[in-house]
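The block underneath contains the structure these notes are about, expressed in structure tokens.
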Amino acid sequence: SSILLGNRVEGLFYLFTLGVIISGIMVISALNPVHSVLWLIVAFTSASALFILLEVEFIALIFLIVYVGAIAILFLFVIMMLNLTDLEGGGDMSNYLPAGFIIGVVFLFEIAHVMGGRMVSWPHSTSYPAHDYIIKNPNVEVLGRVLYTDYYYLFIIASFILLVAMIGAIVLTHDSKTEIKRQDIFIQTSRHLWQD
């Protein structure tokens, strides 16, 4: 029974990993920006499922709430409000190849560094006073207590940064038309009185 369950979990892991890879490729290869954002949502959702399989529920929920629920939807609305059009005739994306190649090589070196076992490991010390609390409680509760007590000021600063980003998106998409004809009731009524 446990072997069958392990095989199912491993199959789900490979399935969601393939989903992340394919949707990531589609994000950078789709010419329509709306399609890119939709593929980005698929990538974030697949990554969230991977974190749930790895029993890291807090990061999975953060992916769903912050990335899918806020940032990707914000991208989608900004793209639709700015009325961006598709690239004509497929578009020439060859000028992006050098930057993409450099970023890809950096990521490959990082993956090779981690897989080679040369990653710096944290010392497993039991002298930390809250060690037993961290072991016995779920990671969502532990991270919530640390975030809202020890690092509350960083949390407030991050909230202000997101507020500024939201205001900036609203200002960028706000269309202030100066050609709108406005009604002046006093002039209209006085004109009507003078005509009589």
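Tabulated values for the structure
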{"read-out": "Average accessible area per residue (Å²) across the range 5-75 - probe 1.4 Å, nucleic acids and ligands excluded", "value": "60 Å²"}
{"read-out": "Rounded FRET efficiency, nearest 0.05, which uses the C-beta distance separating Leu54 from Ile22 and R0 of 25 Å", "value": "0.80"}
{"read-out": "Rounded to whole Hz, the Karplus (6.51, -1.76, 1.60) HN-Hα couplings of the range 67-75, x for glycine and proline", "value": "6, 6, x, 10, 5, 5, 5, 4, 4"}
{"read-out": "Separation in nanometres of the label points that stand 7 Å from Cα toward Cβ, at Ile102 and Phe186", "value": "6.1 nm"}
{"read-out": "Potential extension, Asn139-Phe77 segment - 0.36 nm per residue separation minus Cα distance", "value": "19.0 nm"}
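The values are calculated or read from the model by the stated rules, or taken from the named source; none is laboratory data. From a predicted model like this one, the values you see are computed outputs, not experimental measurements. Glycine gets a Cβ as well: all are built from the backbone with ideal geometry, and neighbour counts include every protein chain shown. Only protein heavy atoms, including side chains, enter the accessible area calculation; ligands, DNA and RNA are left aside. Shrake-Rupley method; radii C 1.70, N 1.55, O 1.52, S 1.80 Å.
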